[in-house]
């Protein structure tokens with residue numbers, strides 16, 4: 001028995017739900033698909049998504065007010081009827097027509113969390129989306145073997161199966177600002193609680209690519225979020241890659257130099273990252289120098 005849980009905000013999920021529903025009906029599994037709209041402001045998309053309520057064992061519900069990414073996931077899990085919860089982001093689509101069966105077949109008596117991975121389209125995207133596409137392909141679209149080398153940081157919340165009892169013991173933190181990195185905090189809670197994450201080959205395509213300018217701003221928001229989590233002792237300083245590097249250089253002149261570099265050459269970083277040949281090395285330096293600048297006066 002499985003509950004498929006899909007939070008949505010300003011996105012058409014009718015194709016995703018149709019595909020998941022089709023796959024589930026071919027199994028002998030009892031299921032439900034809950035789709036909660038976090039008070040989208042695009043009423044045309046809400047109308048398109050309302051077709052979901054005509055599918056058997058499916059519910060599309062519009063929340064009366066926006067509650068944020070963490071709270072809506074917790075609410076979906078609270079309302080789920082069955083022991084296994086499959087969380088899917090609105091902007092994904094299974095790679096194969098055996099996606100559901102692959103997840104179900106992976107469940108054993110010892111299973112707690114199972115993550116299938118994500119992919120991005122192979123064809124080069126428009127220049128306006130290039131940075132997000134390159135980052136996704138190089139840093140996120142990893143094989144199960146590669147993900148197992150860094151079990152928890154390789155875990156993303158776009159598509160994962162979790163036992164409801166396990167979810168109730170960790171949950172998403174609703175007290176943090178709605179910035180970014182709630183999945184990083186969630187993965188740390190899994191690690192701290194010694195909850196096993198199984199990595200398998202069962203990817204979804206991540207379709208909702210932001211343009212490079214938006215992604216760059218979200219990346220800075222993510223750095224702010226990580227800094228906040230560490231200041232509030234929600235994450236150890238050595239948990240993420242960027243904070244681990246900063247911990248090694250914070251008491252040296254390198255940190256001050258990078259802070260200066262960010263302030264002085266911020267526009268040059270952006271010129272590369274928003275251009276036709278963005279460099280992930282520049283992206284890493286841009287984020288690290290920004291993190292140094294945030295901590296320069298502390």
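Observations on the structure shown:
- Estimated from the Cβ-Cβ distance and a Förster radius of 25 angstrom, the FRET efficiency linking residue 51 and residue 28 is about 0.45.
- Fluctuation leader among 160, 260, 31 - the chain, Gaussian network, Cα springs under 10 angstrom: 260
- Looking at the chain alone, DSSP beta bridges between its own residues are antiparallel in about 35 percent of cases.
- Virtual spin-label span in nm between residue 144 and residue 175, 7 Å along Cα→Cβ: 3.7
- GNM flexibility winner over the chain from 224, 95, 110 (Cα, springs under 10 Å): 110
- With the simple spin-label model, which puts each label point 7 Å out from Cα in the Cβ direction, the residue 221 to residue 39 separation comes to 1.7 nm.
- At R0 = 45 Å, FRET efficiency that the Cβ-Cβ distance of residue 276 and residue 107 yields, to 0.05: 0.50
- Potential lengthening between residue 247 and residue 98 on full extension [0.36 nm per residue; Cα-Cα distance subtracted]: 49.3 nm
- Within the listed set 13, 226, 195, the Gaussian network model of the chain (springs between alpha-carbon atoms below 10 Å) gives the highest mean-square fluctuation for 195.
- Within the chain, helix-based [θ] at 222 nm, where runs of 4 or more DSSP H residues each add -39,500 (n - 2.57), nearest 500: -13500 deg cm²/dmol
- Residue 284 paired with residue 266, simple spin-label distance in nm, labels 7 Å along Cα-to-beta-carbon: 2.4
Values quoted throughout were computed directly from the atomic coordinates according to the rules given, and no laboratory measurement underlies them. In this text the structure is predicted, and so the values were computed from the model without any measurement. All Cβ positions, glycine included, derive from the backbone under ideal geometry; neighbour counts span all protein chains shown.
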